[in-house]
Amino acid sequence: MFDEILINNFYKRYKTALSQVRQVVTKPLTLTEKLLYVHTSDPCEKPFLRGKDYVTFHPDRVAMQDATAQMALLQFLQAGQAKVAVPASVHCDHLIQAELGAEKDVIQASKVNKEVYDFLESVSRKYGIGFWKPGAGIIHQVVLENYAFPGGMMVGTDSHTVNAGGLGMIAIGVGGADAVDVLVGEPWELKFPKVIGVHLTGSLSGWTSSKDIILYLAGLLTVKGGTGAIVEYFGEGAESLSCTGKGTICNMGAEIGATTSIFPYDRSMSAYLRATDRSMVADYADDMMSDLGPDQAVLDDPEAYYDQVIHIDLSTLEPHVNGPFTPDKAWPLSKFAKAVKDNNYPVKLEVGLIGSCTNSSYEDISRSASIARQARDKQLKAKSEFTITPGSELVRATVDRDGLLDDLGNIGGLVLANACGPCIGQWKRHAEQGKPNSIITSFNRNFAKRNDGNPNTHAFVASPELVTAFVLAGRLDFNPLTDTLENAKGQQVKLDPPKGEAFSKDGFTVSDLGYLAPEEDGAEIEIAVSESSERLQLLPEYEKNTVDRFSGLRLLIKVKGKCTTDHISMAGPWLKFRGHLANISKNMFLGAINFFNDKANEVYNLEQNSYLPIYDSALAYKEAGIGTLVVGDENYGEGSSREHAAMEPRFMGVKVVICRSFARIHESNLKKQGVLAFCFANPDDYAKILERDIFDIKGLDSFSSDSKISLNVLHEDGTTDIIELFHTYNDTQIAWFKAGSALSLIKQST
Ligand code: MIC
Ligand code: SF4
């Protein structure tokens, strides 16, 4: 299954490619630079400026999950290619709803999503893509176990693709249109990132785990601190972590906005490759260990080579709990109980959820199971509901064989499918809607409404072992390091720190991985999309963008505060429309708060002179042939890679998004879909936008990478403002815009 030929060729070429790079870039290199330079699509002729130069790459592979693959593949079909140009895989993980437990939920999902699964499977078989069936596992775990390789580069249509950095791969989350570039063999473009070095010293002990490193870092850097940068870990502390622990850290690096994160190749990765049946890869990588890490000169003087260096001493790092509502609100465990009290967070813990693509390794489950066994021995019972989502069938079958699922089951744990489930709102939670309540998960995101659609669910994030301890306490004001719990006999007992292993001593086991290989020659396979389908729809053709369409624009919404892709295109029940642009567009901006009335889904429509639900307002403007504009705050489009958050506005007539700052993937998705993405040159100008304004974009007739663009605002009282905008468009991106979208440009040039 894994790309033997590709990987063979890669390692054979790697040393030569690197020495060619060194002739051009003569200074010592970070690992990030080595891997980016060897993957550029043209031989590099000069060193690139980090944070400035747009560079094109040829990544080695593409991974797609079912909720984003539908749009990615619908776009791929439009490109008219006979086969994919690089190895690729599709994973059915997001569409399975968690309710009754793994087996029943997968059967149900296979019925409910049949049309979509059939579509994904037949496109995969026809065009040469590996297909992972529902229940096989979550994309990032499956990639780590089968495809990731040290030194490689991949893109994936999911923001947590970055997980593969735990195995020394440059792995970047992208929208479907970007994935199509790679799938059709076109160069794929990225602004050459900055590099943040994180120096890890000491080693973890007691209750502290890899998760706490990224929870702490999220608090330090905030949700936008990693924007435009790759986070590169190094130091003896890095070497002391298991490979899957490194994966956890890289995975949640998406939550600080980092382009990706990476660890140097080391013995823990070698051991993981061997344990997952890839000794060939380990042998190659062992031979070139020093080339798969930063240069010694970089390690000797990191401040001289990284754009920023952060030092973390693992020996003194405390466990953390982050939340609610944002993953960067970091509380050291010793301060958490007080935070719960001071902020009036609901203290009773309703549900603890472990697993997900972030934290479902053998190590995670074994450490949690060690807490569960103590509970049995010390006669403690779970006081909250408890669920476990294994990341893959390989891990599930192994922890099952080793009795760890029984340990968790003994304290009431319900094993859900190897899928995203509650992490993305695919959770039939039997709880009263709207009631304030607390849950704690080992997932990576905790935005409002994400898990169960209830805006009053306070979701906290912590390591799986800590979640398990909280489940035993049933309360959030508990600290297992210092507090005791009362057991069935009325005695006060204390939990010992968790213990776990990176792998089972008996190795991994699995009977059916759930993998389907593509056909050698798929020419005969028909791909059918029914016109009456509610789930799938062929994509519309976009016309070229002409300058006259950018005047007389009305405000669709001025968003107040946080606006993640979950706010723009909600997941949960809406995931079922991810392949149908017209239907999914009905969820557009449902979670966003209107600046002018502090309400969700109620905006002023100038033509109708009334407040309307946002979809109705967009539709009214669209039908009247009037373009609209969206105004956002900081880090607009934070979170996921879902390009629906750009496609829906495009489809519904939004011409321009202007905000204080963008999250990387979303900005690029908007550009690819032909929506103008601009920032206020002066962030305070956000305040000047009023509800009844009419807008013209000025400067598009001479739009170039260094041209000035401005926004003319005509206020209701007849006064005007001219607002200077800032943009990051290069010539290629301007060509996408003019063609109508990036895909239109590909089609026009073939
Ligand atoms: C997420 O964690 O938010 C998701 C759901 O995996 C998304 C992808 C999607 O919306 O389909 C992501 O992270 O990119
Ligand atoms: Fe799935 Fe959650 Fe991971 Fe996204 S973060 S891939 S929804 S498990």
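Taking amide H positions as modeled 1.01 Å from N, with prolines and chain starts lacking one, the residues under 5 Å from residue 456 and 5 or more places away or on another chain are 434. Relative to one another, the C-alpha centroids of segment 465-485 and segment 269-337 are positioned 27 Å apart. Solvent-accessible surface of segment 1-131, taken per residue with a 1.4 Å probe and all protein chains present: 40 Å². Anything over 26 Å Cα to Cα? Flag those among 558/698; 428/671; 435/499; 111/622, in the order listed. Check vs 26 Å cut-off fails for 428/671; 435/499; 111/622.
Can you work out the FRET efficiency for the pair residue 410 and residue 432, with r the C-beta to C-beta distance and R0 = 25 Å, to the nearest 0.05? Using R0 = 25 Å, I get an efficiency of 0.30.
Taking the Kirkwood radius as Rh and the Cα radius of gyration as Rg, segment 187-311 has a ratio of Rg/Rh equal to 0.97.
Averaged per residue, segment 459-505 has 43 square angstrom of accessible surface, using a 1.4 angstrom probe with ligands and nucleic acids left out. Residues whose amide H comes within less than 5 Å of that of residue 611, counting only those at least five positions distant or on another chain, are 605 (H built at 1.01 Å from N in the peptide plane).
Within the accessible area of segment 361-454, the carbon and sulfur atoms contribute 47%, probe 1.4 Å, all protein chains present. For residue 682 and residue 489, the FRET efficiency from 1/(1 + (r/R0)^6), where r spans their Cβ atoms and R0 equals 60 Å, is about 0.35. For residue 348, the aspartates and glutamates whose Cα falls under 19 Å of its own Cα, not counting residues fewer than eight places away in the same chain, are 385, 432, 452, 465, 477, 483, 486. Where in segment 1-30 does the amide nitrogen come within less than 19 Å of the point 7 Å from the Cα of residue 287, taken along Cα to Cβ? Within reach of a label on residue 287, which here means backbone N under 19 Å from a point 7 Å along Cα→Cβ, segment 1-30 contributes 3-20.
How do the peptides 401-410, 254-263 rank, highest first, by the average count of neighbouring beta carbon atoms within 10 Å per residue? Display every interim value, and only then the final one.
Values: 401-410: 18.8, 254-263: 28.5.
Put in order of decreasing packing, that is 254-263, 401-410.
With a 1.4 Å probe and all protein chains in place, put 205, 661 in order of accessible area, largest first. Mind dumping the intermediate values first?
Working: 205 75, 661 25 Å².
Output order, biggest surface exposure first: 205, 661.
By accessible area, using a 1.4 Å probe on protein heavy atoms only, segment 5-146 has 53% of its surface on carbon and sulfur.
Can you tell me which of 613-626, 118-131, 206-219 comes out highest on packing, and rank the rest after it, using the mean Cβ neighbours within 10 Å? Don't jump to the answer; show the numbers that get you there.
On the way: 613-626: 17.7, 118-131: 21.4, 206-219: 24.6.
Output ranking for 613-626, 118-131, 206-219: 206-219, 118-131, 613-626.
The distance from the alpha carbon centre of segment 565-637 to that of segment 514-554 is 22 Å, rounded to a whole number.
In straight-distance terms, cross-link reach from residue 194 covers every one of the aspartates and glutamates whose alpha-carbon lies under 15 Å from its own, apart from those fewer than eight places away in the same chain; here that gives 33, 53, 232, 303, 307. In whole Å, what is the distance between the alpha-carbon centres of segment 56-127 and segment 1-22? When both Cα centres are located, 28 Å separates them. Figure legend: label point modelled 7 angstrom from the Cα of residue 220 along Cα→Cβ; residues of segment 290-312 with amide N under 20 Å from it are 294, 298-312.
Looking at the P(r) of the chain, how many percent of alpha-carbon pairs lie beyond 34 Å? In whole percent, the share of Cα-Cα pairs in the chain beyond 34 Å is 46.
State in Å² the accessible area per residue of segment 644-750; use a 1.4 Å probe, count heavy atoms of protein chains only, and round to the nearest integer.
Details: 3910 Å² over 107 residues.
With all protein chains present, segment 644-750 gives 37 Å² per residue.
Compute the FRET efficiency between residue 334 and residue 376 as 1/(1 + (r/R0)^6), taking r as their Cβ-Cβ distance and R0 = 30 Å, and round to the nearest 0.05. The pair residue 334/residue 376 has a calculated efficiency of 0.60.
Protection proxy ranking, highest mean first, for peptides 629-640, 526-537: 629-640, 526-537, where packing is the per-residue count of other beta-carbon atoms within 10 Å, averaged. Placing dummy labels 7 Å off each Cα toward the beta-carbon, the span from residue 525 to residue 747 is 2.3 nm. Label-to-label distance for residue 103 and residue 719 is 7.0 nm, based on points extended 7 Å past Cα in the beta-carbon direction.
Between residue 45 and residue 506, the simple label model (points 7 Å from Cα in the Cβ direction) yields a spacing of 6.1 nm.
Could you tell me which of the pairs 15/246; 224/562; 224/672 are separated by over 18 angstrom between their Cα atoms in the structure shown?
On the way: 15/246 25 Å; 224/562 12 Å; 224/672 22 Å.
Those over the limit are 15/246; 224/672.
The values are calculated or read from the model by the stated rules, or taken from the named source; none is laboratory data. Since the model is a prediction, treat every value here as computed from it, not as a measurement. Cβ sites come from the backbone with ideal geometry, for glycine too, and all protein chains shown count toward neighbours. What goes into the accessible areas is simple: the full protein's heavy atoms, side chains included, and nothing from ligands, DNA or RNA. Shrake-Rupley method; radii C 1.70, N 1.55, O 1.52, S 1.80 Å.
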